[in-house]
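Worksheet: the structure to be examined is printed underneath.
What follows draws every value from the coordinates through simple rules; no lab data is involved. What you see is a predicted model; the values in this text were computed from it and never measured. With ideal geometry, Cβ positions are generated from the backbone for all residues, glycine too; neighbour counts draw on all protein chains shown.
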Amino acid sequence: MDLLVQDVPDRVLARLQADAKRRDVSVNEAVTGILAGHYGVEHEPSGAKWPGPLTRATLLLSMSDDLHRRIKMDAAGRKGVSMRGLIVQTLASHYKIPAQSPQRRPRTTAAR
């Protein structure tokens, strides 16, 4: 299952990339490993290596259906919380960075 996580805060992204580079794993591998540990889901490493730094603050995560379901159920069980918010909060907590609220962000409208 794929999940797009947009607008990852710079501090979280920097720590995540440094961690993935240090361990010579892909950013996806680093994120899904952290999330699997947090949610108590078995994680089979893909073996993907560090491909180089990301060019934007968006993550395209490929994860097991079980992990996706656990994150979705956690978000659904909390009023106003998004899957994106939970993922960013879990990563921030893992890297000991002050976490933003997992609440849904206000919707924006396109400029006219």
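What to note about this one:
- Residue 48 meets all of the listed conditions (1) touching a residue at least 60 places away in the same chain (Cβ under 8 Å); (2) of a type in the set (A, V, I, L, M); (3) surrounded by fewer than 16 Cβ atoms within 10 Å (Cβ to Cβ) but one, namely (1).
- For region 63-103, taking the residues that are touching a strand residue (DSSP E or B) at 6+ places or on another chain (Cβ under 7 Å) and outside any helix (DSSP H, G or I), the one that is nearest to residue 47 (Cα to Cα) is identified as 63.
- Of all residues in region 20-35, those that are outside any helix (DSSP H, G or I) have Cβ atoms under 7 Å from Cβ atoms of residues that are surrounded by fewer than 19 Cβ atoms within 10 Å (Cβ to Cβ) and small (Gly, Ala, Ser), 6 or more apart or on another chain, in 25/48; 26/48.
- Considering the conditions (1) surrounded by 15 or more Cβ atoms within 10 Å (Cβ to Cβ); (2) part of a helix (DSSP H, G or I); (3) over 14 Å from the mean Cα position of the chain (by Cα), residue 41 is excluded by exactly one of them, (2).
- Qualifying positions in region 58-79 - touching a helix residue (DSSP H, G or I) at 6+ places or on another chain (Cβ under 6 Å) and exposed (fewer than 14 other Cβ atoms within 10 Å of the Cβ): none
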